1. Please compute the modelled spin-label separation between residue 149 and residue 29, points set 7 Å along Cα→Cβ, answer in nm with one decimal.
2. Apply the Debye scattering formula to segment 50-101, with a single equal point scatterer on each alpha-carbon and no solvent, then give log10 I(q)/I(0) at q = 0.18, 0.31 Å⁻¹.
3. Long-range amide H contacts for residue 58: which residues qualify at under 5 Å (H placed 1.01 Å from N, peptide plane, sequence gap of 5 or more or a different chain)?
4. In deg cm²/dmol, rounded to 500, what helix-only [θ] at 222 nm does the chain give when every DSSP H run of at least 4 residues adds -39500 (n - 2.57) and the total is split over its residues?
5. Gap in Å between the Cα centre of segment 94-136 and the Cα centre of segment 281-313?
6. When a/c is below 1.5 the answer is rounded, else prolate if a/b is larger than b/c, else oblate, so apply that to segment 254-318 with a ≥ b ≥ c taken from the square roots of the Cα gyration tensor eigenvalues.
7. In whole Å, what are the extents of segment 80-124 along the principal axes defined by its C-alpha atoms, from largest to smallest?
8. At 0.36 nm per residue, and after removing the present C-alpha to C-alpha distance, how many nm does the segment from residue 353 to residue 75 gain when stretched out fully?
Amino acid sequence: MKKIPLLDLTEQYNGIREEVRDAIDRVLESGHYILGPETKAFEAEVAEFCGVKHAIGVGNGTDALQLVLDAAGVKEGDEVITTPFTFFASAEVVSQLKATPVFVDIDPKTYNLDVEQLKKAITPKTKAIIPVHIFGQPAEMDQIMELADEHNIFVLEDAAQAIGSEFKGKRIGSWGHAATFSFFPTKNLGGYGDGGMIVTNDDELAAKLRILRVHGSSPKYYHSMIGYNSRLDEIQAAALRIKLRHLDDWNNARAEKAEYYNKKLAELPIVTPHHAENRKHIYHLYNVQTEDREGLMAHLKENGIASGIYYPLPLHLQEVYKELGYKEGDLPNAETISQKIFALPLYPELEEETIDHIVQVVRNYFE
């Protein structure tokens, strides 16, 4: 029985093998391994891709979030509003800066921040909002920015899963005061190790971030602030430059395969992903909902098909956030969806006949 992975990175590598090896050789032969010409070129290419003035390469997506909040002045006593239905890093960075994460419920269709709930959560202590473009579908950025402007709140787009997506014809990353990307290997634009990027149109913020990422120093050995050691290395930058050239094609292929899944699963007791209007959804994951998730996932596993749960427990119910006082029932959409949602295999090279086989296995379970 041929096993079907959730994501097959070897298929992608096989298609760009020579380009990647040449790029890595170029770095090794240059002698520049940290903040060299490859990183500088990649930063310029990402800025152009996103339609912004500045891109700052850092060590990983989590560092990117924390550096931006730090540079924006988030501190103890401040509140930062975000979603409970995301990876832990989106709230963790708030806590690292000793600020308080405030969770609001999600839209049950897009899984993004519910703007009406967001309005109710704003207080005089609200310093920032972190909308997460979950699974590659953009949040309601026009309404979020309107709210933020009204209340003088900093907006940081957590676009870890959404590079190349668009809202109302404008690239994600160009809406907020800043945005962050992750190049973790499983992302749509994934490296061969860790990596992250910050993008912004704010000259002053960009300058501060470039200092923060190198121990708060500029020039070298002269420190104007307490900083971090968080830099995108040259090998990752060189490989990611190759991948960036293919990203739109890969994202389009993901979207086509997601639509194919949707058609094939339409008659089954499965909730398929909702693609909201005015968005380019890049389907970082193909998540569905069903009442008997554990049973169906076990059946898929028996048939050699991988699946995964994103995310099993909302952040407001995590043990580490007990002191915030949230309880079950407070954010019902996030809680209900987390009990039903799971991901089926999806990647650009996935063939339609393989999707047909996966759907047939799902159909067999329900029959």
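1. 5.0
2. At q = 0.18, 0.31 Å⁻¹ the computed log10 ratios are -0.61, -1.21.
3. 196, 197, 198, 232
4. Counting only the DSSP helices, I get -12500 deg cm²/dmol.
5. 26
6. oblate
7. Its Cα atoms span 31, 27, 7 Å along the three principal axes.
8. Contour length minus Cα-Cα distance gives 94.9 nm.
The values are calculated or read from the model by the stated rules, or taken from the named source; none is laboratory data. Every value quoted in this text rests on a predicted model; they were computed, and no experiment measured them. As a convention, Cβ positions derive from the backbone with ideal geometry for all residues, glycine included, and neighbour counts pool all protein chains shown. Accessible surface areas use protein heavy atoms only, side chains included; no ligands, DNA or RNA. Shrake-Rupley method; radii C 1.70, N 1.55, O 1.52, S 1.80 Å.
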